[in-house]
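*Asks:* Following this message is one structure expressed as structure tokens.
Every read-out reported here was derived from the displayed coordinates using simple, explicitly stated rules and does not represent laboratory data. Remember, predicted model here, so these are calculated numbers, not experimental data. Cβ atoms come from the backbone with ideal geometry, glycine included; neighbour counts cover every protein chain shown.
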Amino acid sequence: MYEIVARQDLSETTYLLEVAHPQLARAARPGQFVIVLSHEQGERIPLTIADFDGERGTVTLVIQAVGKSTKEMQQLCQVGRSLLAVVGPMGLPTAVNDVRKVVCVGGGLGVAPVFPQLRAHKNNGAYTIGVIGFRNRDLMFWKDKFARYCDDLIICTNDGSEGIAGLVTDGLAAAMKEHDDIDEVIAIGPPIMMKLCAEATRPRSIKTTVSLNPIMVDGTGMCGGCRVSVGGEMKFACVDGPDFDGHDVNFEELINRLRRFDSDEREAMDRWSEQCRLMNDG
Amino acid sequence: MSVKTIRTIPQERTPIPEQQPEVRVANFDEVALGYSTEDALLESERCLICPDPKCIAGCPVQINIPGFIERIHEKDFRGAYDVLTESNLMPAICGRVCPQEEQCEEVCTVGDTLEAVAVGRLERWIGDLAIREGWSNVPYIERNPFKIGIVGSGPAGIACAADLARAGCDVTMYEAFHRPGGVLRYGIPEFRLPNPVIDAEMENLTRLGVKIECNTLVGRLFTLEQMVDEMGFDAVFIGTGAGYPKFMGIPGESLNGVLSANELLTRCNLMGAGDFPNADTPLHLGKRVAVIGSGNTAMDAMRVSKRLGAEKVHCLYRRSRNESPARLEELQHAEEEGIDFHWLTAPVEILGDDDGNVRAVRNIRMELGEPDSSGRRRPVPVEGSEYEFEADMVVYAIGTNANPIMGQTSKIALNKWGYIETDDRLATSLAGVYAGGDIVTGGATVILAMGAGRKAARSIKQYLGIVDTESVYDLDETERGTRRFGIDAGQKNFVRMRFPASQPNGPRS
């Protein structure tokens, strides 16, 4: 059992959990992910590690309540409670060497997992540009945390309530206009956002790394559910990734495969909402 | 007792009661119900107790087969269990899943003339009886100072852990999943191997003092090198299994509805997807399921699909029934359950609908040509024979490639296919690290993995300078039961050890 030692509600649907796991906190590297399982009947959920602290012995996960499992976790995962399983770190760590100027783009939930990569590049001496996007100012989190590790920080909100009005692709465009010596762009967020970032950098052939989070079960290469097409080859995101060259990823296929259990997820969600309603009425 | 001969023993192999096909396709209860005491006694009469038994050598873990069957015949059932557990901690599991027909039963002397003695069924019967009676053989264990790490809690790891724990080592077994058992748990369905049987026999392992740590991905949480250099393990055994499912590279494999048998079975067996939405893990089973491959995993995937309500389940295999790698018993069970076999058929394309879901499979018929490197006749496509059938789920059960994690995270030497390289003692290129099972050989069987685990345990004992008591078990009948140093020499329960002159994790020589 893995105890939740801190929790922060970043918005109505986004919550942060800090989980005690000293061994994992020491082993984790930027770009890696964990699989969590909240209870015996639960499902194994892959989550990119948003932060890790070897001294405190904790890993930080930022979770968006989108389906039955993550909404249920939002209710259950209070400080002092425990998760049944937290296993990792999984996947190949991000390579951080030899990059002099890097743009780290985080859209929505991608803001959290891009942070360890930003910090690693900064600590490695790179010039770091952060581009983070939210729908509006109320949903914004970790501004100060990013500012601490960014030489430039561009915040984008859809409604312009903070930073520039627009999407992270607009922020990325601004950064690319300002800097003609970008070595690498790291983009993490919804697949469509990562695809648009990759398209934005393609004309200038800027190396663009994306972190994929497809559906998986074990996270150890055993089930093959997370297979993605990269440069026309089949790869398993859990052991061959999760980082891939964004210019080579077949995003249409990824987006389609993420819809694989849509109807089941709706069914589980409806049933759970109904149960919650009955419990509240009772 | 009168001497048994081939003419005096019961001529017919005692049948095992089974659930009827039309009943069992609607449940996950066991198909083969197991012998009654009468069945077991009758079948035990058929063993000739050969003076030079070939069956023992036919068993990957060298169970004293005539020994335990003779005990059954004498109605000394506990004695039979004791004989079995000298070599195998898990008779209820092995009695169910071993391919006895190509091991002990294949070389059975009775089998030369009549049907072979049903060794597997008798082994299972004793194993089940032990579980019911609560028997377990926890021997006297004299502790030694050696600490052993086992990577993977599947059959290879279990067998290795058991032998080393019995030799007195402090054994910790690591599992990446949240429940132990490896392929026994996630791979083999309940109707062939019920979870309570796995639980009961795994319990024997913890009784021997083996510590099981789940949710631990070795390689990534800590490396093999860290285990040996920093964590104080004197030796490590890797039994992670092969686990990286193969696909064919034909068009349409990324459509929704295409998955590996590993994924289907894990979702059902480990995660309870058959009980969705009571369990949170979905499967989204198709109505018309096509399974590619004809091995035991394919049979399991098809029969699980059938039980979960698939209306039509097809099996596509490019060779003929004769070449099918599945156990005959599994194949027959699948046939009885109404699986639609397409022999000499290979898929060439998976066709999708506008939403990116599978809608059909296009196949080509094959014929058998000249023998290939495996000695089997090579299937050759028949030109112009392509045809389609409707399917909304396609399951790949054509084997696995090597899992890359150990190679990615350590300097351990791999062969050109990515499997871990070992010498004939199962030692790897890292001092003190041994490996066995599918991660060395590629996909095989539970019992071969157990055999490899035991072999590695012997090598590790040699490496650490533990004087093995193996010789004690090889004593002939007249010496059996004599007491040495106050301990029954017939029991595998005592180890004399010496402390090696050099450090245990020093260089092998």
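*Asks:* In square nanometres, what is one fourth of the surface area of the convex hull spanned by the alpha carbons of the range B:359-404? Intermediate results must be reported in sequence, preceding the final value.
*Replies:* On the way: hull surface 20.7 nm².
Computed as one quarter of the Cα hull surface, the answer is 5.2 nm².
*Asks:* Hey, got the average number of other protein chain Cβ atoms within 10 angstrom for residues in B:273-283? Mind dumping the intermediate values first?
*Replies:* Values: counts 3, 0, 1, 6, 10, 3, 5, 16, 10, 10, 2.
Going residue by residue through B:273-283 and averaging, the value is 6.
*Asks:* Could you go through the range B:366-380 in sequence order and give the Karplus-derived ³J(HN,Hα) for each residue, using 6.51 cos²θ - 1.76 cosθ + 1.60 with θ = phi - 60°, rounded to whole Hz, and x for Gly and Pro?
*Replies:* Karplus values, whole Hz, x for Gly and Pro: 10, 10, 8, x, 6, x, 9, 4, 7, x, 8, 5, 6, x, 10.
*Asks:* Then there's this: For chain B, what proportion of DSSP beta bridges, expressed in % and rounded to the nearest 5, is antiparallel? Provide the component values of the computation, followed by the final result.
*Replies:* Details: 23 of 54 bridges.
In chain B, DSSP labels about 45 percent of beta bridges as antiparallel.
*Asks:* Also, I was wondering about something else. Quick one: plug the Kirkwood hydrodynamic radius of the range A:217-261 (C-alpha pairs) into Stokes-Einstein at 4 °C, 1.567 mPa s, and report D in µm²/s.
*Replies:* 121 µm²/s
*Asks:* Also, quick follow-up: Mind checking B:242-252 for the average number of partner chain beta-carbons within 10 Å of each residue's beta-carbon? Walk me through the numbers before you get to the answer.
*Replies:* Working: counts 2, 7, 8, 7, 1, 3, 0, 2, 0, 0, 0.
Partner-chain Cβ atoms within 10 Å, mean over residues of B:242-252: 3.
*Asks:* Ordered by packing density, taken as the mean number of other Cβ atoms within 10 Å over each peptide's residues, highest first, how do A:121-127, B:19-25, B:455-461, B:443-449 rank?
*Replies:* Per-residue Cβ counts within 10 Å, averaged per peptide and sorted highest first, yield B:455-461, B:443-449, A:121-127, B:19-25.
*Asks:* Which of the chymotrypsin sites (Phe, Trp or Tyr not before Pro) found in the range B:395-427 are loop residues per DSSP with 14 or fewer other Cβ atoms within 10 Å of their Cβ?
*Replies:* Details: sites: B:TYR396, B:TRP417, B:TYR419; in loops: B:TRP417, B:TYR419.
For chymotrypsin sites (Phe, Trp or Tyr not before Pro) across the range B:395-427 that sit outside H, G, I, E and B with at most 14 neighbouring Cβ atoms in 10 Å, the list reads B:TRP417.
*Asks:* Once you have a ≥ b ≥ c as the square roots of the Cα gyration tensor eigenvalues for the range A:149-194, tell me rounded if a/c is under 1.5, and otherwise prolate or oblate according to whether a/b is larger than b/c.
*Replies:* Taking the square roots of the gyration eigenvalues as a ≥ b ≥ c, the range A:149-194 is oblate.
*Asks:* Using the Cα centre of chain B as origin and beta-carbon charges of +1 (Lys, Arg) and -1 (Asp, Glu), tell me which of B:CYS214, B:TYR317, B:PRO15 is placed farthest towards the positive end of the dipole.
*Replies:* B:CYS214
*Asks:* Additional query: With each pseudo-label sitting 7 Å past Cα toward Cβ, what's the B:ALA431-B:GLU102 distance in nm, one decimal?
*Replies:* In this crude spin-label approximation the distance works out to 4.0 nm.
*Asks:* Run the simple label-point estimate for B:GLU335 and A:ARG271 please: 7 Å along Cα→C-beta, distance reported in nm.
*Replies:* A separation of 3.8 nm, rounded to one decimal place.
*Asks:* What does the charge dipole of the range A:2-90 about its Cα centre add up to, to the nearest 20 debye, if the Cβ of each Lys and Arg holds +1 and the Cβ of each Asp and Glu holds -1?
*Replies:* Details: 8 positive and 10 negative charges, 33 e Å.
Dipole of the range A:2-90, to the nearest 20 debye: 160 debye.
*Asks:* Then there's this: Given the options A:GLY67, A:GLY80, A:ALA126, identify the residue whose Cα lies farthest towards the positive end of the charge dipole of the range A:1-148 (+1 on Cβ of Lys, Arg; -1 on Cβ of Asp, Glu).
*Replies:* So the residue furthest toward the plus end is A:ALA126.
*Asks:* Moving on. Which one of B:ALA279, B:ALA176, B:GLN226 is farthest out on the positive end of the charge dipole of chain B, using unit charges on Cβ (Lys, Arg +1; Asp, Glu -1) and the Cα centre as origin?
*Replies:* Of the options given, the answer is B:GLN226.
*Asks:* For the range A:69-180, build the convex hull from the C-alpha positions and give me its volume per residue in Å³.
*Replies:* In the range A:69-180, the Cα hull volume divided by residue count equals 140 Å³.
*Asks:* Oh, and also: Nearest-5 percent of antiparallel DSSP beta bridges in the protein assembly as shown?
*Replies:* 50 percent
*Asks:* Something else about it: How large is the charge dipole for the range A:48-126, taken about the Cα centre, if only the Cβ atoms of Lys, Arg (+1) and Asp, Glu (-1) carry charge, to the nearest 20 debye?
*Replies:* That gives a dipole near 160 debye.
*Asks:* By DSSP, what percent of the beta bridges with both residues in the range A:163-282 are antiparallel, rounded to the nearest 5?
*Replies:* The antiparallel fraction comes to roughly 65 percent.
*Asks:* A follow-up question, please. Rounded to the nearest Å, what's the spacing between the alpha carbon centres of the range B:127-199 and the range A:22-40? Just the number, please.
*Replies:* 26 Å
*Asks:* Here's something else I'd like to know. Among A:176-183, B:423-430, how do they line up by average Cβ neighbours within 10 Å per residue, starting with the highest?
*Replies:* B:423-430, A:176-183
*Asks:* Hey, another quick one. Can you figure out the FRET efficiency of A:ASP183 with A:ARG137, using R₀ = 30 Å and their beta-carbon distance, to the nearest 0.05?
*Replies:* Details: r = 31 Å, r/R0 = 1.04.
The value I calculate is 0.45.
*Asks:* Here is a further query. Counting only residues 5 or more places away or on other chains, whose amide H sits under 5 Å from the amide H of B:ARG378 once H atoms are built in the peptide plane?
*Replies:* Long-range HN contacts for B:ARG378: B:GLY369, B:GLU370, B:ASP372.
*Asks:* Straight distance only, please: which aspartates and glutamates reach the Cα of B:LYS461 with their own Cα at less than 12 Å, same-chain residues fewer than 8 apart left out?
*Replies:* Answer for B:LYS461, where 12 Å is the Cα cut-off: B:ASP163, B:ASP234, B:GLU470, listed by chain and number.
*Asks:* Now a separate question. FRET efficiency for A:ASP159 and B:ARG7, Cβ-Cβ distance as r, R0 = 56 Å, nearest 0.05?
*Replies:* The pair A:ASP159/B:ARG7 has a calculated efficiency of 0.05.
*Asks:* Each residue of the range B:24-36 in turn: what ³J(HN,Hα) in whole Hz from Karplus with 6.51, -1.76, 1.60 and θ = phi - 60°, glycine and Pro shown as x?
*Replies:* Each residue's phi maps through the Karplus curve to give 6, 5, 9, 9, 9, 6, 4, 6, 8, 7, x, 5, 7 Hz.
*Asks:* Per-residue Cβ counts within 10 Å, from other chains only, averaged over B:395-406: what number is that?
*Replies:* Average per residue, whole number: 2.
*Asks:* Where a Cα-Cα gap under 24 Å defines reach, which lysines qualify for B:LYS54, not counting those fewer than 8 residues away within the same chain?
*Replies:* B:LYS54 reaches B:LYS4, B:LYS75, B:LYS455, B:LYS492.
*Asks:* OK, next. Place a +1 charge on the Cβ of each Lys and Arg in the protein assembly as shown and a -1 charge on the Cβ of each Asp and Glu, then give the dipole magnitude about the Cα centre in debye, rounded to the nearest 20.
*Replies:* So the magnitude is around 1480 debye.
*Asks:* Could you give P(r) for chain A, binned at 10 Å from zero, as whole percent values over all Cα-Cα pairs?
*Replies:* With 10 Å bins starting at 0, P(r) equals 7, 29, 37, 23, 5, 1, 0.
*Asks:* Could you give me the percent of Cα pairs per 10 Å distance bin for the range B:251-399, shortest bin first, beginning at zero and ending with the bin that holds the maximum distance?
*Replies:* Over the range B:251-399, the share of Cα pairs per 10 Å bin runs 12, 40, 35, 11, 2, 0 percent.
*Asks:* Report the local net charge at B:VAL23: Lys and Arg +1, Asp and Glu -1, summed over other residues whose C-beta lies under 13 Å from its C-beta.
*Replies:* -3
*Asks:* Are there any GluC sites (Glu not before Pro) in the range B:51-137 that are in a DSSP loop and have at most 14 other Cβ atoms within 10 Å? List them by number.
*Replies:* Answer by residue number: B:GLU74, B:GLU106, B:GLU115.
*Asks:* Kindly write out, for the range A:233-248 in residue order, the coupling ³J(HN,Hα) from the Karplus curve 6.51 cos²θ - 1.76 cosθ + 1.60 (θ = phi - 60°), rounded to whole Hz, with x marking Gly and Pro.
*Replies:* 10, 7, 10, 9, 4, 5, 10, 8, x, x, 7, 9, 6, x, 6, 9
*Asks:* Given H placed 1.01 Å from N in the peptide plane, which residues other than close sequence neighbours of A:VAL105 have an amide H under 5 Å from its amide H?
*Replies:* Residues meeting the criterion, in which the H sits 1.01 Å from N, are A:VAL131, A:ILE186, A:ALA187, A:ILE188.
*Asks:* For the protein assembly as shown, what is Rg from Cα atoms divided by 2.2 N^0.38 Å, rounded to two decimals?
*Replies:* Normalised by 2.2 N^0.38 Å, the Cα Rg of the protein assembly as shown equals 1.03.
*Asks:* Evaluate the Debye formula for the range A:1-142 with equal point scatterers sitting on the alpha carbons, no solvent, and hand back log10 of I(q)/I(0) at q = 0.11, 0.14, 0.19 Å⁻¹, in q order, two decimals.
*Replies:* Those come out to -0.40, -0.65, -1.15, one per q.
*Asks:* Okay, moving on. Please give the calculated 222 nm ellipticity per residue for chain A, where each DSSP H segment of at least 4 residues contributes -39500 (n - 2.57) and the sum is spread over every residue; nearest 500 deg cm²/dmol?
*Replies:* -9000 deg cm²/dmol
*Asks:* Still on this structure, I have one more. What pairs from B:LYS211/B:LYS411; A:LYS235/B:LYS416; A:LYS207/A:LYS235; A:LYS122/A:LYS177; A:LYS143/A:LYS235; A:LYS122/A:LYS145 go past 23 Å between their alpha carbons?
*Replies:* Distance filter (> 23 Å) returns B:LYS211/B:LYS411; A:LYS143/A:LYS235.
*Asks:* Follow-up question, since we're still on this one. On each of the three principal axes of the Cα atoms of chain B, give max minus min coordinate, whole Å, ordered largest first.
*Replies:* Here the spans come out as 75, 62, 51 Å, largest first.
*Asks:* Taking the Cβ-Cβ separation of B:GLU142 and B:LYS75 as r and a Förster radius of 30 Å, what is the calculated FRET efficiency to the nearest 0.05?
*Replies:* My answer for the efficiency is 0.35.
*Asks:* Amide H to amide H, which residues 5 or more places from B:PHE237 or on other chains are under 5 Å from it, using H placed in the peptide plane?
*Replies:* Excluding prolines and chain starts, which carry no amide H, the hits are B:GLY149, B:ILE150, B:VAL151, B:TYR434.
*Asks:* What lysines could a cross-link reach from B:LYS306, if we take a straight Cα to Cα line under 27 Å and drop same-chain neighbours fewer than 8 places away?
*Replies:* Straight-distance partners of B:LYS306: B:LYS246, B:LYS287.
*Asks:* How large is the helix-only mean residue ellipticity at 222 nm for chain B, computed as the sum of -39500 (n - 2.57) over DSSP H runs with n ≥ 4, divided by its residue count, in deg cm²/dmol to the nearest 500?
*Replies:* Details: 19 runs with 155 residues, N = 509.
That calculation yields -8000 deg cm²/dmol at 222 nm.
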